[in-house]
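Working notes, beginning with the structure itself.
The values are calculated or read from the model by the stated rules, or taken from the named source; none is laboratory data. What you are looking at is a predicted structure, and each value in this text was computed from that prediction instead of being measured. A quick note on method: Cβ atoms are made from the backbone with ideal geometry, for glycine too, and the neighbour counts reach across all protein chains shown. Note: accessible area is taken over every heavy atom of the protein model, side chains too, but ligands, DNA and RNA are not part of it. Shrake-Rupley method; radii C 1.70, N 1.55, O 1.52, S 1.80 Å.
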Amino acid sequence: MAQQSITAGLMRGNVLEWTTLHAGREGWKSAGTWREALAPEGETLDWTAAATAAAVRKAAARFRGEVVLAIPAEKTLLRVVSLPTTDAAELRSMAELQVDKISPFPIEHMAVACEALRAGEKSTLALVGAVQREVADALGQLLVRAGVVPHAIDVDALGWWQLLRDAGGVREAGRQVLLVADRPGLELMISQDGLPVLLRSLGLPRGLTRAEFVAEVAEEVGYTLTSLEAEWGAFEAAPVAIWHWADDPQEDLAALLRRELASEVTLPEFDPLPPL
C-alpha cells in the first residue's frame with residue numbers, strides 16, 4: 001500500500017523551501033525540510049526562464065505526494081467576513097461578490113477561495129482569499145514545466161497563523177494584534193476570541209528608511225484597530241505580539257507601538273517554531 005504524502009513549498013526570494021509530511025497511524029509526521037537556491041543570491045528570479053524550471057525540476061525529484069505551493073500574502077486579498085448562509089455553494093458565490101466589491105481587478109481575472117471559520121444557525125464567519133489568476137497561473141506553469149502538477153496554491157500568512165495557534169501564540173479570549181515580521185515582509189493579523197478577524201499584508205519597506213517604515217506600520221495598526229471597533233465592538237487596549245527572527249530584532253517597532261497604542265507589546269521569536 002502506497003504511503004500517503006503531502007509536500008508543501010514556499011519560494012522566498014531565490015530560495016525554494018519545502019517540507020514533506022507522511023501519513024502514519026499516529027497522524028501526519030514531517031519527513032524533513034529542505035532548501036534549494038534557484039538562482040545566485042541577489043539575482044532577480046524569472047519564473048518564466050528555462051533555468052528556473054530546471055532548478056525547480058532538480059528540487060522536485062525529492063517531492064512526494066500531492067504538492068502545494070504558497071504565495072506571499074502581499075500578492076493576495078484576504079478578508080474575514082460574516083456571510084448570511086451556511087450552504088457551501090452559496091458561500092462560494094457570496095465570497096466572489098465580496099471580492100468583486102474590493103478588488104482593483106475584474107472578478108473574472110481573480111481566483112477566489114473561501115474557508116468557513118465558524119458556522120452559526122444562519123450565518124458563517126468565513127475567510128475569503130483572492131489572487132490574480134495570472135499570478136496563480138505563472139506559479140502553476142512554472143511547476144508544470146518542472147514536471148510537477150500542483151494540487152493547490154496556498155498563502156504563506158495562513159501557514160503562519162496555524163503555526164502561531166499551534167504554539168499557543170493566539171489568545172482564546174479578547175482581542176489581540178499579531179505582527180508577523182518574516183523577511184522581508186510584514187503581515188498584520190488581529191484575532192478575537194481565538195479566531196482571525198483580519199489578515200493583511202503590510203507589504204515591503206520599498207523606498208522607505210527603517211524609521212519611516214516603522215512609523216507607517218504603527219499608523220496602520222492604530223487605524224485598523226479603530227476601524228475594527230465599528231464592526232466587532234470596542235475592546236480595551238489589545239496586546240500586541242511582534243513575531244520575529246532572533247537576528248532581526250524589532251525593538252524600535254515595539255517601542256513605538258507601546259507609545260502610540262498604550263498596549264502591552266511582546267517580542268516572541270519564530271526560531272523555536274517548526275518551518276513554515
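Relative to the Cα centre, the charge distribution of the stretch 215-276, modelled as +1 at Lys and Arg Cβ and -1 at Asp and Glu Cβ, gives a dipole magnitude of about 180 debye. Among GLY194, GLY168, GLY129, the largest mean-square fluctuation in a Gaussian network model of the chain, built with springs joining Cα atoms closer than 10 Å, belongs to GLY168. What angle, in degrees between 0 and 90 and rounded to the nearest 10, separates the Cα long axis of helix 88-102 from the longest principal axis of the Cα atoms of the chain? Roughly 70 degrees between the two axes.
Could you give the dipole magnitude of the stretch 136-182 about its Cα centre, charging the beta-carbon of Lys and Arg +1 and that of Asp and Glu -1, in debye to the nearest 20? Mind dumping the intermediate values first?
Values: 4 positive and 6 negative charges, 19 e Å.
I would put it at about 100 debye.
A full extension of the chain between HIS151 and ALA116 corresponds to an added length of 10.6 nm, given 0.36 nm per residue minus the alpha carbon distance. Each peptide in 39-45, 15-21 receives the mean, over its residues, of other Cβ atoms within 10 Å, and ordering these scores from highest gives 15-21, 39-45.
The magnitude of the dipole of the chain, with charges of +1 and -1 set on the Cβ of Lys/Arg and Asp/Glu and taken from the Cα centre, is near 840 debye. Accessible surface calculations at 1.4 Å, restricted to protein heavy atoms, place the stretch 1-47 at 67 Å² per residue.
Result for the chain in a Gaussian network model with C-alpha springs under 10 Å: among TRP34, TRP243, TRP161, the largest mean-square fluctuation is at TRP34. Heavy-atom accessible area for GLU212, with the other protein chains in place and a 1.4 Å probe, reaches approximately 90 Å².
Axis of helix 50-60 versus longest Cα principal axis of the chain: the two differ by about 90°, to the nearest ten degrees. Averaged per residue, the stretch 140-276 has 49 square angstrom of accessible surface, using a 1.4 angstrom probe with ligands and nucleic acids left out. Using every pair of distinct Cα positions in the stretch 70-152, the Kirkwood expression returns a hydrodynamic radius of 13.7 angstrom.
Collect residues whose amide H, placed 1.01 Å from N in the peptide plane, falls under 5 Å from the amide H of ARG64; neighbours closer than 5 in sequence don't count. Under 5 Å from the amide H of ARG64 lie the amide H atoms of THR7, each far enough along the sequence or on another chain.
Find out how many positive minus negative residues lie around ALA146, taking Lys and Arg as positive, Asp and Glu as negative, among other residues whose Cβ is under 13 Å from that of ALA146. Cβ neighbours under 13 Å give a net charge of +3.
Express the carbon and sulfur contribution to the solvent-accessible surface of the chain as a percent, rounded to the nearest whole number, probe 1.4 angstrom. Write down the numbers at each step before the final one.
Working: 7700 of 14830 Å².
Result for the chain: 52 percent of the exposed heavy-atom area is carbon or sulfur.
Taking every DSSP beta bridge that has both ends in the stretch 61-212, the antiparallel portion is near 90%.
Straight-distance candidates among the aspartates and glutamates for linking to LYS122, with alpha-carbon spacing under 16 Å and chain neighbours fewer than 8 residues away dropped: ASP87, GLU90.
The C-alpha atoms of the chain define a longest principal axis, and helix 133-145 lies at about 30 degrees to it. Projecting the Cα atoms of LEU117, ALA37, LEU208 onto the charge dipole of the chain, computed from C-beta unit charges around the Cα centre, puts ALA37 farthest toward the positive end.
Using all pairs of distinct alpha-carbon atoms, the Kirkwood hydrodynamic radius of the chain works out to 20.3 angstrom. Among ASP87, ASP193, ASP156, which one shows the highest mean-square fluctuation when the chain is modelled as a Gaussian network with alpha-carbon springs under 10 Å? The residue with the greatest mean-square fluctuation here is ASP87. Name the aspartates and glutamates eligible as straight-distance cross-link partners of LYS58: C-alpha to C-alpha under 16 Å, and not fewer than 8 places from it in the same chain. Here the aspartates and glutamates satisfying the reach criterion relative to LYS58 are GLU17, GLU36.
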